[in-house]
Amino acid sequence: MNGMYQHSVFLQVREFIRAEIEAGEYAPGMPLPAVEELADLYGVKEKMVENAIDALANEGLLRKISEKEVYVLGDKIERNIEVLEGFTQTMLDKNLKPSFKIVSKVRRGAGNLYGAMFGIPAQDEIFYIKRLCYANEDPVSLEEILIPCYLIPKLEGINLSIFSIYELYGMYGIRLSEARQTLDLIVLQPADARLLGLKDNLPAMLFQSITRDEQGRVIEFNRNYVRSDKCDFSVHFFK
């Protein structure tokens, strides 16, 4: 009888947490409240909460980094990895370990230029993210990413070392459709060159891209400074 009771309580706790996720109380990309806090909230033992978290992590609703670090994924979104691959997936496809270091992550006004680009008022805010991208702990590119705040309002609180930008798009129901990209060769400012480990005025490849979703909205502007001594790119032309 006690075993049946324990199982019933476990199911209730699991469904309580699931309901909070589905209701948006625990937003995708954000950390789940601590086990002790949830145990107090639901009036159960901490072990019961831990078991419920493990079950939801196995379902793919949570990402468990450690016993004290659990993040909300929300509903799983299927993504075609053959289209608009981000840095993380590209590195994984090449059997390399991707990682990131956030240099800057701030809110700023869109201004006239980015307001017109994103189709939002100039006074609206956008997120500016600057990050170093590593392959097997070797810096290969420096990215500047701009995203309108209304698309992912809680981005400030999301750990971008845990979640890729493309993963966040899927979690927030943003389905990418197309990207237009340009390529230039430039010499970086000394501070940025040092971040990438570039020496002797070695040029970097600058990719600039504007990405739209299935609704036709511009959802991202990206400047990606890539080490020309570490990367090359191939293009397939079809008749």
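General observations
- Residues being farther than 15 Å from TYR134 by Cα, crowded, with 19+ Cβ neighbours inside 10 Å and either free of Cβ contacts under 8 Å to residues at least 24 places away in the same chain or not small (Gly, Ala, Ser) (or both) - total across the range 190-217: 1
- Pairs, first under 21 Å from PHE163 (Cβ atoms) and among the acidic types (Asp, Glu) in the range 118-138, second crowded, with 17+ Cβ neighbours inside 10 Å and modelled with pLDDT of 95 or more, C-beta under 6 Å, six or more apart: GLU125/CYS149
- LEU160 meets all of the listed conditions (1) touching a residue at least 12 places away in the same chain (Cβ under 8 Å); (2) closer than 20 Å to ARG131 by Cα; (3) buried (at least 19 other Cβ atoms within 10 Å of the Cβ) but one, namely (3).
- When the residues of the range 115-153 are filtered to those that are among the polar types (S, T, N, Q) and modelled with pLDDT under 95, the one that is surrounded by the most Cβ atoms within 10 Å (Cβ to Cβ) is SER141.
- Scope the range 191-208; condition among the acidic types (Asp, Glu) and at pLDDT 90 or above; matching residues: ASP192
- Matching entry among TYR71, TYR26 (being out of contact with any Gly (no Cβ under 8 Å at 6 or more places or on another chain), closer than 21 Å to PHE163 by Cβ, surrounded by 14 or more Cβ atoms within 10 Å (Cβ to Cβ) and aromatic (Phe, Trp, Tyr)): TYR26
- Taken as a whole, the condition of being crowded, with 19+ Cβ neighbours inside 10 Å and among the hydroxyl-bearing types (Ser, Thr, Tyr) applies to TYR169.
- Selection status of GLN181, surrounded by fewer than 17 Cβ atoms within 10 Å (Cβ to Cβ) and within 15 Å of GLU144 (Cα to Cα): yes
- Listed here are the helices (runs of 4 or more DSSP H) enclosed by the range 94-213 that have at least 1 residues being of a type in the set (Ser, Thr, Tyr), over 26 Å from TYR71 (Cβ atoms) and touching a helix residue (DSSP H, G or I) at 6+ places or on another chain (Cβ under 9 Å), and there are none.
The values are calculated or read from the model by the stated rules, or taken from the named source; none is laboratory data. These numbers come from a predicted model, not from an experiment. All Cβ positions, glycine included, derive from the backbone under ideal geometry; neighbour counts span all protein chains shown.
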